[in-house]
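Okay, so here's the structure we're looking at.
The values are calculated or read from the model by the stated rules, or taken from the named source; none is laboratory data. Note that the structure is predicted; figures quoted are calculated from it, not measured. All Cβ positions, glycine included, derive from the backbone under ideal geometry; neighbour counts span all protein chains shown. These accessible areas exclude ligands, DNA and RNA; they are computed on the full protein's heavy atoms, side chains included. Shrake-Rupley method; radii C 1.70, N 1.55, O 1.52, S 1.80 Å.
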Amino acid sequence: MIIPPVYESGSLLDAIFRQSCAGVGLVDTSGYFVSVNPRFCQITGYTESELLQRTFGSITHPDDLAVDDQQAERLFKGEIENYELEKRYIRKSGDWVWVYISCSLVKPPAHTDPDHATKTPLGLAVVQDITLRKQKEAELIESQKRLEASEAHFRFVTDSVPVMIWLTDASLKTTYLNQAWQQFTGLTQVELLQSGWLEKIHPEDRENVRQAFLQGAEQRRQISLEYRFSRKDGEYRYISEEGIPLSTECGDFQGYIGYVIDITERKQAEFAMTQNEANWRALVNSIPQQAWMADADGRRFWFNQPYFDYTGSTIEQVQGWGWTHFIREDQVEALVENIRLASQSKAPFEATVAIRSKGGQYRWFLSRATPIENAEGEIIRWFGTNTDIHELQEMQEALERSQRQLAISNRDLEQFAAIASHDLQAPLRKAKSFCEMIRPKIQAQLDPETVSLMGRIHASLESMQSLVSDLLSLSQVSTETQAFDLIDLSPILKRVITTLSDLIDETDAIIQIGQLVQVYGDGEQLTLLLQNLLENALKYQPPGQKPQVEIEAINPERHLCQISVRDNGIGFPQSQAERIFRPFERLHGKSSAYHGNGIGLAICHRIVERHNGHIWATSNPGQGSLFVVQLPLRTLAAR
């Protein structure tokens, strides 16, 4: 940095000049810089040598140059002693920076050295970077514009809707009421804001409204009120008011925003219904059907006396969704979904449901409901009836069971006819007997390969005989049946274990028997069901592992019996859980160590199907399997 000697005043002034946190520059009367400090260079982005070859005008933004030139000219002419302004410097990088500049005239003092004496004044500019402040100011202005636009939009929207809208501050003083208030009450905005709206509340409701509002506001909770409010023609109208608390991002309470709607027509409809309620109740209590009413969403709030007489329930037990506890459990989810869909479509509702009586029995009812709408077409409630159709439903189910049994029998007969038509059983028995008779007589005369072939022939005949036997068992599930009765599973399971005793001893299996409840069904077929499930659990085991099988039968619900057979066997992928119940389906190839015809589980499935039950399996490879059978009890179960 070069400081003309005439202006030198010692090392202290030089240090102040260089270390100042403000930019400092000296310019001559032609505008050229004659001296700049490091901070000035930092603000402009130029080096000191670059600036000393430039004028202040060359780095000033063109839009700011005229004012700066004018003021500098006046300063050098002595018309003003100093001036201040905000302007933009164009930095060396091309971008610009906002600065606050304070300029004053520096006159040279008398100098003892005549060689350095000069009378040319210099302009002293002290510069501060105010870019950040300018950005904040611009953001503030833009934010204010957005706020004003948002407020204008809010007023436009709220004045356009046919609903009375209001706002309060944190002290609960009303700060805003939209145009709908003036149109409804006939009061001006000023009158309304001066609590004029309070005078419009019916005298009998005014104190209750005031107390309810204060209590809700004290707890900072949503306020919901219904009361009578005077219209500008003097008529009192029923209105519904909702107030919603407002909070800052920090959770500080700001006040309320609320709306008011006219519900007079709805109230009039309710009053009209109330006037006729006594006659109506007498009528619905005299009909043989069960009757009920529900709100728009399906929550029931009224039932006639025949309903309580049948179920033995109280209104407290069945109101809302409590009535679903008297519906058979497997129907509840679908029934509730159908009610929801009917509410959306505003269509009449109909369903056939099993309802539990006070004695615990289920009877079939045809449940029908019709929506009741207000003047605007909105559903305000449902009126429904339950008509006893138990005998008709049983006849229908019996017919359907007969049709299903006929279809199953026909299918079985068709599958079996292709084999049985050739009378396989007798030839197979003879062929097997002849083979058994010939083998010991000629075995010593045959070479090893022929002996092996004879063994394979015998094994094939045994496999064929087993397959024919299994097919007969499958077809007999539908054709050879017994009447359903209440069956004790304990003796059945003992008989099954005795039948499979050789296999149990051979595998050294552990059979654990838990609780065994009674089941309603065909005793012979239930025996075959348990035998196939237990044999399956014993057979599909890893080599050398001791089978462990757990068997139990419980009542998970009053109308169900659940039989479960759990083993520690080889398991199977869960994705194959449905496939294993199909006839002739085997998860293991014929060359594997696990032999079978793929009929056993198909027989189980057919037996459970005849009992109107369900069977499923859950498993993972190497983690054993769980087979579960659910059989309904009594008349609602039997096919």
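Here are a few things to note about the model shown:
- Rounded if a/c under 1.5, otherwise prolate or oblate - the stretch 119-248, Cα gyration tensor axes: prolate
- Amide H to amide H, with H built 1.01 Å from N, Ile380 comes under 5 Å of Ile372, Glu373, Asn374, counting only residues 5 or more places away or on other chains.
- Filter on Lys494/Lys539; Lys173/Lys267; Lys173/Lys200; Lys200/Lys232; Lys87/Lys136 - keep pairs with C-alpha separation over 21 Å: Lys173/Lys267
- GluC sites (Glu not before Pro) within the stretch 525-586, DSSP loop, no more than 16 other Cβ atoms inside 10 Å: Glu557, Glu578, Glu585
- Database remark: amide H of Trp302 closer than 5 angstrom to the amide H of Met293 (H placed geometrically; neighbours at sequence offset of 5 or more, or on other chains; Pro and chain starts carry no H).
- Trypsin sites (Lys or Arg not before Pro) within the stretch 214-283: DSSP coil, no more than 14 neighbouring Cβ in 10 Å: Arg220, Arg221, Lys232
- Figure note: Met437, Met164 ranked by solvent-accessible area, largest first, 1.4 Å probe, ligands and nucleic acids not counted: Met437, Met164.
- Karplus 3J(HN,Hα) series, Hz, for the stretch 238-247 with 6.51 cos²θ - 1.76 cosθ + 1.60 (x for Gly, Pro): 7, 10, 10, 10, 10, x, 10, x, 10, 9
- Were the residues from Ile244 through Ser345 laid out at 0.36 nm apart, the gain over their Cα-Cα distance would be 33.3 nm.
- Charge dipole (Cα centre; +1 on Lys/Arg Cβ, -1 on Asp/Glu Cβ; no other charges) of the stretch 496-560 amounts to roughly 180 debye.
- Sequentially through the stretch 12-19, phi angles give Karplus couplings (6.51, -1.76, 1.60; θ = phi - 60°) of 5, 5, 5, 5, 4, 4, 6, 9 Hz, Gly and Pro residues having no value and appearing as x.
- Eligible aspartates and glutamates near Lys546 by straight Cα distance, threshold 15 Å, same-chain separation 8 or greater: Asp502, Asp505, Glu506, Asp508, Glu535, Asp567
- HN-Hα J in Hz across the stretch 328-343 - Karplus 6.51, -1.76, 1.60, θ = phi - 60°, x for Gly and Pro: 4, 4, 6, 9, 4, 4, 5, 5, 5, 5, 5, 5, 5, 5, 5, 5
- Per DSSP, loop GluC sites (Glu not before Pro) in the stretch 202-308 with at most 15 further Cβ within 10 Å: Glu235, Glu249
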